[in-house]
Amino acid sequence: MLSIEITRECPLHCPGCYAYGESHLGGETTLRDLHDLRGDALVEGVLQLIRRHKPLHVSLVGGEPLVRHRELSRILPELSSMGVFSLVVTSGIIPIPMGWMKLPRVRVAISVDGLPEHHDVRRAPATYQRILENLAGREVNIHWVVTRPMLSRPSYLEEYVSFWSARPEVNRIWVSVYTPQIGEQSPEMLLPEERAALVRQLPLLRRRYPKLLFNNGIAQAVIEPPANPGECLFSKMSANYSADLATRVEPCVFGGAPDCSQCGCAISNALHWIQSIRLAGPLKIGHLVAGSVEIGRLANRLRRDPARPSRWDLSRPRPTAGNGLIQIDSAAPNVRG
């Protein structure tokens with residue numbers, strides 16, 4: 001799997017956005033400091049990464065990736081023709097090109113963090129009204145990051161799921177739990193008892209709303225997430241690049257020093273559950289993955305320019321999480337608009 005932050009630009013100022021944190025890229029530089037690409041350079045740069053890594057799946061994120069919708073309209077058909085599954089994760093602030101809906105193996109996810117009372121404050125100007133206007137006639141997934149304020153009333157979860165389940169444009173609803181950096185203290189974070197209550201409710205909602213992707217296996221992974229990046233299947237099996245297409249994001253898409261004990265990433269939790277599934281007798285999917293990783297390590301040593309991803313080496317010191325979170329203002333002088 002491959003994840004690419006294809007731009008450093010974003011018109012939003014979301015609290016808790018990990019991409020613009022001081023420690024996201026290891027503390028030596030930040031997303032806003034990178035030289036991002038556009039036009040032919042961006043298209044060819046992304047395709048070169050695809051040819052190099054040969055992923056089965058590519059996530060195209062940002063920043064706000066639809067700032068580069070013209071380039072994406074050239075990249076996505078190429079990925080589709082190569083047999084690569086691709087996912088564009090957007091705030092929904094920019095209309096999704098209708099042509100993307102006809103491409104095989106292309107999916108778009110819109111991040112909607114709670115009901116309007118919370119989402120419209122967190123993600124303005126990508127408000128509910130703007131999102132609903134921009135997804136008309138499209139087919140998308142909804143990605144929901146649950147934060148502590150969203151548990152303010154018992155009916156909140158069902159209100160959210162029922163609203164988006166009823167929308168004909170929505171294919172699936174994913175759920176993540178806010179994942180902090182090590183040492184972070186913020187009102188976004190769920191307390192342990194709130195996390196436990198959340199995962200009790202969501203599988204019950206899944207029975208009534210099939211579009212919701214959350215079962216008992218994923219619930220268990222949320223309660224007992226991977227202890228560190230070396231135990232995280234998503235971290236081990238993915239490569240993540242930032243907006244210059246050269247800087248690596250480690251140890252996972254969150255970058256910096258994510259608190260794995262409080263991981264709530266939808267993909268990480270789903271894969272953590274999947275690797276526990278038994279194939280035959282005591283053999284689990286996780287055993288096959290471990291064998292694959294060892295083969296990958298051996299092959300990497302034989303390469304002329306070996307990569308040494310930190311997530312595979314638990315002996316390496318983890319970076320210290322920064323205290324502040326920053327966002328890019330697309331009108332600022334240091335951002336190429």
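Backbone geometry of the range 184-193 corresponds, through the Karplus equation with coefficients 6.51, -1.76 and 1.60 at θ = phi - 60°, to 3J(HN,Hα) couplings of 6, 10, 8, x, 6, 6, 7, 6, x, 5 Hz, x marking Gly and Pro.
In the range 2-312, a dipole from Cβ-located charges (positive for Lys and Arg, negative for Asp and Glu) runs towards its positive end, and of 183, 14, 254 it is 254 whose Cα lies farthest in that direction.
Here the simple spin-label model places points 7 Å from the Cα toward Cβ, and for residue 136 and residue 200 these points are separated by 4.3 nm.
Here the range 75-165 is assigned +1 on the Cβ of each Lys and Arg and -1 on the Cβ of each Asp and Glu. Its dipole about the Cα centre then comes out at about 160 debye. Simple spin-label estimate for residue 228 and residue 85 gives 3.0 nm between the two label positions (7 Å along the Cα-to-Cβ direction from each Cα).
Looking at the range 2-312 alone, DSSP beta bridges between its own residues are antiparallel in about 10 percent of cases.
Annotation for residue 261 and residue 153: the two label points, set 7 Å from Cα along the Cα-Cβ direction, are 3.5 nm apart.
Net charge in the neighbourhood of residue 177 (other residues with Cβ under 11 Å of its Cβ; Lys, Arg +1, Asp, Glu -1) is 0. Residue 177's amide H: which non-local residues (gap 5+, or another chain) put their own amide H closer than 5 Å, with H modeled 1.01 Å from N in plane and none for Pro or chain starts? For residue 177, whose amide H was placed from the backbone, the distant partners under 5 Å are 146, 264, 265, 266. The Cβ shell under 12 Å around residue 5 holds other residues with a net charge of 0, Lys and Arg each +1, Asp and Glu each -1. Extension gain, residue 171-residue 41: 0.36 nm per intervening residue step, less the Cα-Cα distance, totals 43.5 nm.
Over all other residues within a Cβ to Cβ distance under 12 Å of residue 83, the charged ones net out to +1, with Lys and Arg as +1 and Asp and Glu as -1. From the Cα gyration tensor of the range 2-312, with a ≥ b ≥ c the square roots of its eigenvalues, which class applies: rounded if a/c is under 1.5, or else prolate if a/b is larger than b/c, or else oblate? The shape class here is rounded. Magnitude of the Cβ-charge dipole of the range 8-132, K/R +1 and D/E -1, about the Cα centre, nearest 20 debye? Its charge dipole is roughly 520 debye.
Close amide-amide hydrogen proximity is noted between residue 21 and 326, each under 5 Å apart and 5 or more residues distant or on a separate chain (H modeled in the peptide plane; Pro and chain starts excluded).
Backbone amide hydrogens, once placed in the peptide plane, bring residue 249 within less than 5 Å of 240, 241, 242, excluding anything fewer than 5 places away on its chain.
Expressed as a fraction of 2.2 N^0.38 Å, the value expected for a compact globular protein of N residues, the C-alpha radius of gyration of the range 1-139 is 1.06.
Bear in mind these aren't lab numbers, they're just calculated from the coordinates by the rules spelled out. All of these numbers come straight from a predicted model, not from anything done at the bench. Using ideal geometry, Cβ is built from the backbone for each residue, glycine included, and neighbour counts are taken over all protein chains shown.
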